[in-house]
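So the structure is just underneath, and the comments pick up after that.
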There are 4 protein chains.
Amino acid sequence: MESNSNILPRPLRGIIPPMVTPLLDRDTLDVAGLERLIEHVLAGGVHGLFILGTTGEAPSLSYRLRYELIERVCGQVKGRVPVLVGITDTSFVESVNIACKVKDAGAQAVVLAPPYYFPAGQSELLEYLKHLTPELPLPVFLYNMPSYTKLVFEPATVRTAADFPGIVGIKDSSGDMIYFRRLQKFLKNHKDFSLLMGQEQLLAEVLLLGGHGGVCGGANLLPQLYVDLYNAACLKDLPKVEALHEKVMELSTAIYKVGRYESSFLKGLKCALSCVGICSDFMAEPFHRFRRAEHKRIQRYVKELGITPER
Amino acid sequence: MESNSNILPRPLRGIIPPMVTPLLDRDTLDVAGLERLIEHVLAGGVHGLFILGTTGEAPSLSYRLRYELIERVCGQVKGRVPVLVGITDTSFVESVNIACKVKDAGAQAVVLAPPYYFPAGQSELLEYLKHLTPELPLPVFLYNMPSYTKLVFEPATVRTAADFPGIVGIKDSSGDMIYFRRLQKFLKNHKDFSLLMGQEQLLAEVLLLGGHGGVCGGANLLPQLYVDLYNAACLKDLPKVEALHEKVMELSTAIYKVGRYESSFLKGLKCALSCVGICSDFMAEPFHRFRRAEHKRIQRYVKELGITPER
Amino acid sequence: MESNSNILPRPLRGIIPPMVTPLLDRDTLDVAGLERLIEHVLAGGVHGLFILGTTGEAPSLSYRLRYELIERVCGQVKGRVPVLVGITDTSFVESVNIACKVKDAGAQAVVLAPPYYFPAGQSELLEYLKHLTPELPLPVFLYNMPSYTKLVFEPATVRTAADFPGIVGIKDSSGDMIYFRRLQKFLKNHKDFSLLMGQEQLLAEVLLLGGHGGVCGGANLLPQLYVDLYNAACLKDLPKVEALHEKVMELSTAIYKVGRYESSFLKGLKCALSCVGICSDFMAEPFHRFRRAEHKRIQRYVKELGITPER
Amino acid sequence: MESNSNILPRPLRGIIPPMVTPLLDRDTLDVAGLERLIEHVLAGGVHGLFILGTTGEAPSLSYRLRYELIERVCGQVKGRVPVLVGITDTSFVESVNIACKVKDAGAQAVVLAPPYYFPAGQSELLEYLKHLTPELPLPVFLYNMPSYTKLVFEPATVRTAADFPGIVGIKDSSGDMIYFRRLQKFLKNHKDFSLLMGQEQLLAEVLLLGGHGGVCGGANLLPQLYVDLYNAACLKDLPKVEALHEKVMELSTAIYKVGRYESSFLKGLKCALSCVGICSDFMAEPFHRFRRAEHKRIQRYVKELGITPER
């Protein structure tokens, strides 16, 4: 675990964008777009990179493409920031398989949501973690995302799991702040356990009251906005935090709310990235890129928000 | 498609057990148990076999093991009944990959639930089906299982999809009989479209009022009970239907309700199969076989229900 | 309890329409419409009348109006069939108050769903029943309606409650047939405990396999259709049951599915009753009668279904 | 409206405890306890009092008792702080009835959640508000409590309703902070519209980032803790806010989490109030006070938290 994890701070702090996966078609990476995206995000000063999460459409991608992505990202980032890679899978064996590739490629950590087909109980989930983590060759961040996985990591489960070797933090995307506050209380004595917020609209309050950082989809587009917010919160500069939080709210209300369905945030984000020339807006099935009318609305928002195209 | 599907009746009728997957450990098939199970079920007179569904723990298995299972089952069944194989996957590309193996192995049809990580809308789901079905080399049964996939195939969606080439039926495991009755009404003019019930407690009423058959987990254990019920319903022998329905209720109330959690039915079923000597009760993660106390309760029920061990 | 209940059969069987409440405005009964509706329904041969249920918009009515309705209905029915009256309330004390008025007015039974504001547990619910039923002066039917009350009467709870003096049956409107079949199994030895189906699309199968009757909203409009179905099922005349079941499906698919929102069934039913001249379509807040476009669609359906206006 | 509302600030700010309703039995107020509770809370410096909400068990009380409570509270508070009274009801007519009594008793505002039996759509809800508010003689606070009412006040609905005469604020008890942040964004230009948080675990962050106050159940017990937190947030004293927030978390994790079921917070709160000698712990049906074991745990927590008994 040494060579990979020596650049992984404990606890991990800061802004770790959940990277979108640029695609040219159903099973082909947009390689040039991927390179631009990585450099764009790193130039914004982010503290890590999380690939193959929900925003990365991981479950929709073929295993072949996931492996290619892992290789390319690690090859390009070259240790400038820690790379975290999602290994969530309904199959225990496939999660172990992918974790080994992640380690070989040189990434620093893996990210794991519960297996998401069968509804399991908390004791089943805990036993699953107990069996799985010894087989994983890298530090593990838990990933709480109950609206997609149907299963929450209860605070008591996280407290127990935090003592398993290798489990180093949690990314909470539930949007349930009472849950997050309870997590903090339950893990008060685990000083190096990372508590990361997956919902950017809640980033400001998390940082002001004891959270360690954010996994913010919008940081694909405007990495510096989130990094500035993080820095302002570190300095307890409340007026600046409030002003930047309002910009985050504007972005999320505009870009993520075009079109029907829950996939709006993903479609809007990829569309905006393509509007500013970073990468393709092709989406993996079962989703499809915005059509002309929605594309125009996103284009207008991008202009209104003052997001400047990449040269 | 010809060689595989020439034994697939339209509409498919009767009892098609969703086969459990006998395992020795996390990534090893119980080959001898599998052979016994197949012969046990076929001896009961069933009208087809459905592998790699929910009862088969498909999403929890490695791809390697799934492929091995497909080969072995098709090789042993040898066309005695149609074999249906689950190809549900969050990744479009992986669903196509597995469908090609299914065809090569000689199975007769594939079974497809919606991709189950991202919550999609009905129009997204329909577009997904429109793109996917032309790439599938075998007839397709839809699989409605909203409590696991978070997404229902709305009756209007099914009616539209029923006109896509290759879509030949639906297995409904929602447990929502009003939904099933609406399906029947919406598909009244699709005479060769199969309407199959996935909840055995509702098999009797489905057969009495126009449904074509059942995909009954309990038929792993007692195939003849369900076949007898099917035959009684065909003959409109109401008293016999009622008596057999009561036996089904007894089995499901006993065997499927031991232990906490939603996985009880699966654990109970595998445990009972092991009690009668058919196959191992090892379960794929995130589940684990019953411990001593629950095992004893299942053993007692098996005896009370008069299920005789295999020699 | 004697004078009221001497006409209440045990178990109660047959068709018991959940009567709509005809209104002229927010707090005024449509008295003439109410009289026509009662006679229309009784002329169809129904076996009882259930007022102040969900279809009767009970929770939306003032207590004053509820009392007036109870008096008028009992006064007009005059014991021709049993009258059942909903007393569901979030307040224990108000449920007792209304039950006393029900008894005084001469009705035969009360109907009780769980208190529906606070989410209670099953043991809390059972204790509530234990405290409430001794204070009720009439036989009690439980009313399972979890989508509205957020709380299900679990089969084990019903089995325990079935031994409390005064509890004589249950109306299940959950639409969950597996639940209903489990209820039947749990109450097998309570021969005089009524099992009534509240979803008319499931009436046929309930009657064919052991249920006692139905509380069918459509019987406000076409009482004889449901009574005929009941009689056909008693005679085990399967083809006739199937034909009548299809008519029920047609009615429910047409009349109950106009307009958005879950209130469609209620708005459609009241609108259809007004189309055939039985009573006003005014609805209690928070609902409002259909506007012109929806009204026309209902009018067309009424004609297509061959429902003839009252003279 | 004048005489009542002249002490209602716009926007209303600060700590407004949702008062528990002290009871001696099912339909009898604990009058002495009520007097002690009011004085205890006012002595803590709170900025208003909210009676007949969820914490006040309003839906479980008889109308007679609700009226008595309104009279007694207004009579005792005598304008020292604004009194807000819940008028939520499934019946429009009963909401108007109770609002008139509230006005006559001298309270300053009413609080209204959606009618909670029938599931309504947003346009139905908006029409309901449009009809109801002109009939209410006092300013209205909306009350968002979807887990109990099954219906959310969507941000767009609130923005429209904020322009209706008489609607002056909202209390959000959803626990959904993204919702709360969206509300703030949608109501940015309604400077005198109160945004109040109903979940005390989220009070600190709400106050730090633009919210106006909190309706905190724990303020029945420790009013000064919440008032201190409010004052610290007004002064942007982040370390003090954080320290007081931790006390709030301790209280809520201890007192509200004894016993099973969602009613734990209510039972724990009433039990703690009785432990310190303020009022009886009798609960309205369908709930019942804690038994000996749970009572002892609460007693221990009360001691550990340093809550001193009233003399």
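What the table below lists for this structure:
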| item | result |
| --- | --- |
| Sole exception among (1) without any contact (Cβ under 8 Å) to a residue 60 or more places away in the chain; (2) more than 12 Å from chain C (Cβ to nearest Cβ); (3) in contact with a Ser or Thr (Cβ under 8 Å, 6 or more places away or on another chain); (4) closer than 21 Å to D:ILE51 by Cα for D:LYS185, by number | (4) |
| Conditions (1) surrounded by 20 or more Cβ atoms within 10 Å (Cβ to Cβ); (2) under 21 Å from the mean Cα position of the chain (by Cα); (3) of a type in the set (A, V, I, L, M); number of the one not met by B:LEU132 | (2) |
| Qualifying position, being away from chain C (no Cβ under 11 Å) and either within 18 Å of the chain's Cα centre (by Cα) or at pLDDT below 95 (or both), among B:GLY175, B:GLY198 | B:GLY198 |
| Test: residue in the range D:3-19 that is in contact (Cβ under 8 Å) with a residue 40 or more places away in the chain, over 22 Å from D:ASN144 (Cβ atoms) and touching a Cys at 6+ places or on another chain (Cβ under 8 Å) | no |
| Residue count for the range C:57-68, restricted to those that are touching a strand residue (DSSP E or B) at 6+ places or on another chain (Cβ under 7 Å) and either at the interface with another protein chain (Cβ under 8 Å from one of its Cβ atoms) or surrounded by 24 or more Cβ atoms within 10 Å (Cβ to Cβ) (or both) | 2 |
| Qualifying positions in the range D:161-176 - assigned to a strand (DSSP E or B) and farther than 17 Å from D:PHE50 by Cβ | D:ASP176 |
| Test: B:HIS245 is under 21 Å from B:HIS47 (Cβ atoms) and in contact with a strand residue (DSSP E or B) (Cβ under 6 Å, 6 or more places away or on another chain) | no |
| Count of residues meeting criterion [at the interface with chain A (Cβ under 10 Å from one of its Cβ atoms) and either among the aromatic types (Phe, Trp, Tyr) or under 17 Å from the mean Cα position of the chain (by Cα) (or both)] in the range B:74-99 | 3 |
| Residue within the range D:76-96 that is modelled with pLDDT of 95 or more, among the aromatic types (Phe, Trp, Tyr) and either buried (at least 23 other Cβ atoms within 10 Å of the Cβ) or within 23 Å of D:HIS47 (Cβ to Cβ) (or both) present | no |
| Where B:LEU42 falls short, out of the listed (1) closer than 27 Å to B:ILE170 by Cβ; (2) surrounded by 20 or more Cβ atoms within 10 Å (Cβ to Cβ) | (2) |
| Output for the range A:45-62, where each listed residue is touching an Asp or Glu at 6+ places or on another chain (Cβ under 9 Å), of a type in the set (Gly, Ala, Ser) and in contact (Cβ under 8 Å) with a residue 40 or more places away in the chain | A:GLY45, A:SER60 |
| Any hit, the range D:100-121, residues being small (Gly, Ala, Ser), within 11 Å of another protein chain (Cβ to nearest Cβ) and over 27 Å from C:ARG289 (Cα atoms) | no |
| Some residue of the range C:63-84 being polar (S, T, N, Q) and in contact (Cβ under 8 Å) with a residue 60 or more places away in the chain | no |
| Among (1) over 21 Å from the mean Cα position of the chain (by Cα); (2) surrounded by fewer than 22 Cβ atoms within 10 Å (Cβ to Cβ) - the single one A:GLY210 does not satisfy | (1) |
| B:THR149 being within 11 Å of chain C (Cβ to nearest Cβ), within 20 Å of the chain's Cα centre (by Cα) and either over 27 Å from A:TYR261 (Cα atoms) or of a type in the set (Val, Ile, Thr) (or both) | no |
| Residue within the range C:28-40 that is touching a Gly at 6+ places or on another chain (Cβ under 6 Å) and within 14 Å of another protein chain (Cβ to nearest Cβ) present | no |
| C:GLY210 within 14 Å of chain B (Cβ to nearest Cβ), in contact (Cβ under 8 Å) with a residue 24 or more places away in the chain, in contact with a Gly (Cβ under 9 Å, 6 or more places away or on another chain) and within 30 Å of C:ILE167 (Cα to Cα) | no |
| Odd one out for C:ASP104, checked against (1) surrounded by 24 or more Cβ atoms within 10 Å (Cβ to Cβ); (2) free of Cβ contacts under 8 Å to residues at least 24 places away in the same chain | (1) |
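Here is a yes/no grid of residues against (1) at pLDDT 95 or above; (2) closer than 20 Å to D:GLU124 by Cβ; (3) surrounded by 18 or more Cβ atoms within 10 Å (Cβ to Cβ):
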| residue | (1), (2), (3) |
| --- | --- |
| C:MET249 | yes, no, yes |
| C:VAL258 | no, yes, yes |
| C:SER264 | no, yes, no |
| C:SER280 | yes, yes, yes |
| C:ALA284 | yes, yes, yes |
| C:GLU304 | no, no, no |
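The values are calculated or read from the model by the stated rules, or taken from the named source; none is laboratory data. Source: prediction; values computed, not measured. Cβ sites come from the backbone with ideal geometry, for glycine too, and all protein chains shown count toward neighbours.
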